[in-house]
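Student: I have a structure I would like to understand better, so I am pasting it below and will then ask my questions one at a time.
The values are calculated or read from the model by the stated rules, or taken from the named source; none is laboratory data. Source: prediction; values computed, not measured. Counting neighbours? That spans all protein chains shown, and the Cβs are built from the backbone with ideal geometry, glycine included.
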């Protein structure tokens with residue numbers, strides 16, 4: 001018998017170079033992995049080309065999986081200002097793309113995400129990858145940016161903020 | 001006899017609250033004002049709604065005026081990090097919108113823009129407004145954000161970078 005899932009969540013980790021994504025289903029307390037991947041525009045692309053590539057690949061993921069909610073991490077402030085600006089530009093297009101398709105976008109702090117998957121807020125990147133693998137019963141460790149995207153989707157599944165961005 | 005213009009430029013000043021725009025025509029050394037305005041999403045809008053509003057109004061300006069090039073100022077680093085991130089998110093959507101419609105986007109530093117319109121790089125905001133009014137033979141001072149957008153369009157008309165973003 002096929003299980004009916006009542007919520008499909010797309011987690012996205014927008015990066016200045018690589019954008020990770022991960023889709024999960026939530027049915028009560030049960031979570032199921034659907035797919036994950038990374039969007040990597042060709043190296044040395046113009047920013048405008050990066051944004052177009054991101055938009056079209058994200059639209060393809062959304063069309064394929066039909067998520068009802070999108071979850072993102074807040075931007076991490078501790079990086080240099082050039083990469084912060086680039087990441088924020090990418091993130092603006094990610095939020096626009098999802099919102100324009102009518103999907104609400106929710107934000108979580110890195111602390112909230114790590115607490116949701118590892119149990120405490122100071123977890124290392126590798127611990128996040130390992131816990132995501134365990135929670136979603138994956139055969140192998142997902143790549144770092146896809147793992148972060150799956151982690152924020154798991155966070156959304158567990159905490160469900162009321163107010164979208 | 002109607003003058004033929006050989007380049008139409010859209011200048012945009014993407015802001016975390018208001019986004020100014022201004023369209024000019026360039027024919028040799030002669031510049032002509034076409035239109036200007038400001039996109040002001042409703043106060044207290046969600047970021048997602050701001051980005052959708054910006055996208056649709058910008059598409060409308062582009063459809064109405066048919067620019068061949070877009071010019072933007074670089075982001076100003078000296079502001080607080082929250083408003084920097086918000087502005088960069090808006091800016092990402094501005095660049096995406098133009099690039100997705102096939103219009104190349106060029107960037108200029110605030111110094112280059114002020115030099116182009118006022119003659120020196122440390123000019124005040126009000127001087128930029130006054131010089132834009134004079135250069136484009138406007139009847140009245142354009143509002144500050146639209147003036148900045150017209151100024152970067154004038155800069156593009158005079159300096160024409162070779163490489164888009």
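Student: How many of the residues in region B:37-64 are over 30 Å from residue B:159 (Cα atoms) and surrounded by fewer than 16 Cβ atoms within 10 Å (Cβ to Cβ)?
Tutor: Residues that pass the stated criteria total 5.
Student: From the list A:34, A:90, A:23, which residue is within 11 Å of another protein chain (Cβ to nearest Cβ), crowded, with 16+ Cβ neighbours inside 10 Å and modelled with pLDDT of 95 or more?
Tutor: None of the others qualify; the one that does is A:90.
Student: Taking only region B:100-139 into account, find how many residues are within 14 Å of chain A (Cβ to nearest Cβ) and either touching a strand residue (DSSP E or B) at 6+ places or on another chain (Cβ under 6 Å) or within 20 Å of residue B:18 (Cβ to Cβ) (or both).
Tutor: Number satisfying all stated conditions: 5.
Student: How about region B:60-82: which of its residues are part of a helix (DSSP H, G or I) and more than 11 Å from every other protein chain (Cβ to nearest Cβ)?
Tutor: Result: B:60, B:61, B:62, B:63, B:64, B:65.
Student: What is the number of the single condition among (1) modelled with pLDDT of 95 or more; (2) touching a strand residue (DSSP E or B) at 6+ places or on another chain (Cβ under 6 Å) that residue A:18 does not meet?
Tutor: The single condition residue A:18 does not satisfy is (1).
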